[in-house]
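Below: one structure, written as structure tokens.
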Amino acid sequence: PRSTPKPSSAASDVYKRQLERGLTDDAIGQLREALRHDPDHADARYNLGNALKLVGAVDEALEHYLIVAKRQPRNALARNNAAICLLQKEDWEPAIEHLTAAVAARGIEDGTPASPASQSPVSDRLGG
């Protein structure tokens, strides 16, 4: 019997292309299958969150983003997308926490600390 290959970054690219072509249900099925083989595969889990969010399954998408964020606290994209889901649910405080963590993680990723302007209230930066 032929075994299903474990997810890889190449497989993750296939899922992304499926999403881009509008094959969301196919991508969701393949990503779920990939996670059955390797529940710790962060790319597959993150991409499943993206696909679920596209079809309006915000609660389930949020679960996947939060798992990635818990396992990879400096994953700015997972934290950002978790925040977007939380904002859609009008769960303001956790959304702000994840957005703040995403900004901090982004600074860590590119090696630049947050600027003083990014730490000031939004109204100050908008001239309000």
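The values are calculated or read from the model by the stated rules, or taken from the named source; none is laboratory data. Predicted model, so just to flag it, every value in this text is computed and none were measured. Positions of Cβ are backbone-derived with ideal geometry, glycine not excepted, and every protein chain shown enters the neighbour counts.
Tabulated data for the structure shown
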| item | result |
| --- | --- |
| Residue that is surrounded by the fewest Cβ atoms within 10 Å (Cβ to Cβ), among those in the stretch 77-93 that are part of a helix (DSSP H, G or I) and over 8 Å from the mean Cα position of the chain (by Cα) | Glu93 |
| Qualifying positions in the stretch 44-74 - over 15 Å from Pro94 (Cβ atoms) and small (Gly, Ala, Ser) | Ala44, Gly49, Ala51, Gly56, Ala57 |
| Among (1) assigned to a helix (DSSP H, G or I); (2) modelled with pLDDT of 90 or more, the one test that Gly107 misses | (2) |
| Complete set of residues in the stretch 53-71 that are of a type in the set (D, E, K, R) and either crowded, with 18+ Cβ neighbours inside 10 Å or under 13 Å from Tyr15 (Cβ atoms) (or both) | Lys53 |
| Residue match in the stretch 42-52 (condition: of a type in the set (D, E, K, R) and surrounded by fewer than 18 Cβ atoms within 10 Å (Cβ to Cβ)) | no |
| Matching residues in the stretch 1-17 - criterion: being closer than 24 Å to Ala69 by Cβ and either at pLDDT 85 or above or not aliphatic (A, V, I, L, M) (or both) | Lys6, Pro7, Ser8, Ser9, Ser12, Asp13, Tyr15, Lys16 |
| Output for the stretch 18-58, where each listed residue is in contact (Cβ under 8 Å) with a residue 12 or more places away in the chain and part of a loop (DSSP other than H, G, I, E, B) | Asp38, Asp40, His41, Val55 |
